[in-house]
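Right, one structure below, let's go through it.
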Amino acid sequence: MEEEKSHLRTIIHIDIDCFYAQVELQSAPNLVNEPIGIKQKNIVVTCNYVARQYGIKKCMLIADAMKLCPKIILFNGEDLYKYRQASNQIHSLLKTFVNDVEKLGFDENYLDVTELVAERLQKNKTYTNPVGHYIGNFNNACSCGCHVRLVTGSEIAFEIRQKLKRDLDFTSCCGISYNKLLAKIACSAHKPNQQTIMFPNGAIKYLSTLGDVAMIPGIGFKTKESLLSINIKTVKDLQAADIKALNKVFKNEETAMTVKNLSIGICTSSVKKSSKPLSLGLECGAQKISLELDVKQKFENLLHRLLILVEEDGRIPNTVKVTIRKQGEGKIAQKETKQSPVSSSLFTHPISQLKKESINKLLNIIMDLFKKIVNVSRPFHVTLLGLSFSKFHEKHLNSSIASFLLKKGDLSVQSTTNLKSIENFVEAVDEKMIICSKVDSDSEVEPSPKKPKLDVSLSQIKLEEEKNVSSPSKLKVESLNLNEDLELTKNMNIDQDTFNELPYDIQQEIIREYNIKYLKMKHVPCSKQSLITSYCISNH
Ligand code: TTP
Ligand code: MG
């Protein structure tokens, strides 16, 4: 009975077939029946299903792939722009079905369709057959009614896949179940362009056929190692494992139970609506950069690429951050960062129409930051340059308010050396492939050659509840060095420390309300307010 309570949700996991390959084939439809692969450096990161028939697998060395299929056509997949754009379009399309869509990497999404299923069942009481494949016994239905819900979920999944094909020309796979774990596992059961329901009465048996414990999402390298130490190699071994033995090896009952539960298909993680990343960043690695001119050129290149991301994102950043890895004599290379506020007036949309003057201004701020970290009057050796934008606000807050608040900070360089680095998502650029390593919880996950599909770290699942703690709204304005803001809040007669502790968007809201009140009272106390007031007039 307790177990049946866990079948109340209906979750769909959707994964685009050979994603990068489909994106490339959209502009080369004549190659659709040819074996094609997408290369990044010396790896074929993915290939179409024609190429897979030759035995080519994801992340295979190009040399090995060529041996298997000498006529494979390779596309360069190092510029992620097209893939990112397609990924965003897919995510937006999915959000037309339900609000709760969680993006996982570029081509996977979870949808919680529980409410949609309930609405459909209320309207249409007729019992239909499962769409696509199913795992478990369809005729031996669970008494909680989940079979009917999952079947309805399979109809929705089919509609989603049809719409993806019709509107965006992507084929995809779906898994439908009552939790994220089983939906994801079901999704991989039949590929490509198919869908599968996992009924509860089929879950344990199906999981036991997966073999290696690492095939379970949530069991990563470390967990696998711990399990191996007590001779647990397969999912079947884990299902039969004694919980006391697991407690001993993980030294934590909760972890032991979570791991054991995964092996029998129990997972309580909810679908978290994906939010925009906290920061957008790019890094560029090199053997040695030792000329100021080279640094400037590389930053300019990074800046142009980053501005494209900002344009796609649609928000306006308030802070720019520079990251450097310096090679000191005999010392271990260390990353250092410095950041500075930037005026939102520098960012016009579309970014493509950004004035040369604004780009130069940004570049000057960036170079100033660089020079705060590296003494360019002496020989230097840098092996990594990074650039990121953060502290975003939505476009509608554009121009006057933000630029008013930030005007003076525009060119002032703020000193925040050795900020404990929040690793932004990292893209492969220039000389060296930088693997997407630590990813900020709010950042978009950028796939560089990644772990096998189902090898997600346990900590990722465990920490899911704690994630999303940081959001743009939680950024503090205090670090922005806004003298005008301080003065303004003094006028507003509110406690400065309390104000500084408030999330950025609430601070903005308070300021806006304050000014609207002033507008109503037709009382504008000083010239600074009048700037905000004019914002209110022109935008309301
Ligand atoms: P996947 O969904 O793992 O692969 P896929 O969509 O190409 O194929 P499948 O039909 O099996 O789902 O990854 C999505 C994209 O991410 C993939 O098209 C290329 C990219 N990718 C990497 O950049 N590095 C990697 O290691 C892998 C596996 C994928
Ligand atoms: Mg895929």
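Taking R0 as 45 Å, what FRET efficiency do you get between GLU159 and GLU254 from their Cβ-Cβ distance, rounded to the nearest 0.05?
0.70
Could you check the spin-label model distance between ASN30 and LYS371? Points 7 Å from the Cα along Cα→Cβ, value in nm.
Between ASN30 and LYS371, the simple spin-label model gives 5.3 nm.
By how many nm would the segment from GLN334 to LYS272 grow when fully extended, if each residue of separation counts as 0.36 nm and the alpha-carbon distance is taken off?
Extra length from GLN334 to LYS272 when fully extended: 18.8 nm.
What shape does the stretch 1-80 have by the C-alpha gyration tensor, where a ≥ b ≥ c are the square roots of the eigenvalues, rounded means a/c under 1.5, and otherwise prolate means a/b greater than b/c and oblate the rest?
prolate
I'd like the distance separating the alpha-carbon centroids of the stretch 3-68 and the stretch 217-242, in whole Å.
28
Please compute the per residue accessible area over the stretch 1-139 with all protein chains in place, 1.4 Å probe, rounded to a whole number of Å². All intermediate terms of the calculation are to be shown ahead of the outcome.
Numbers: 7000 Å² over 139 residues.
Counting only protein heavy atoms, the per-residue value for the stretch 1-139 is 50 Å².
Run the paramagnetic zone check for ASN360: 7 angstrom along Cα to Cβ, then residues of the stretch 272-300 with backbone nitrogen under 17 Å.
296-297, 300
Scan around CYS267 for amide H atoms under 5 Å from its own, H built in the peptide plane at 1.01 Å from N, and keep only partners 5 or more places away or cross-chain.
Distant-sequence amide H within range of CYS267: zero hits.
Given 0.36 nm per residue, what is the gain on full extension from LYS67 to THR96 after removing their alpha carbon distance, in nm? Provide the component values of the computation, followed by the final result.
Values: separation 29, 0.36 × 29 = 10.44 nm, distance 4.40 nm.
Extra length available between LYS67 and THR96 comes to 6.0 nm.
Compute the orientation-averaged projected area for the stretch 1-159 from the convex hull of its Cα atoms and round it to one decimal in nm².
11.9
The values are calculated or read from the model by the stated rules, or taken from the named source; none is laboratory data. Predicted model only: the values in this text are computed from it and were never measured. When we count neighbours, we look across all protein chains shown, and the Cβ atoms used for this are built from the backbone with ideal geometry, even at glycine. The area values use the complete protein model at the heavy-atom level, side chains included, leaving out ligands, DNA and RNA. Shrake-Rupley method; radii C 1.70, N 1.55, O 1.52, S 1.80 Å.
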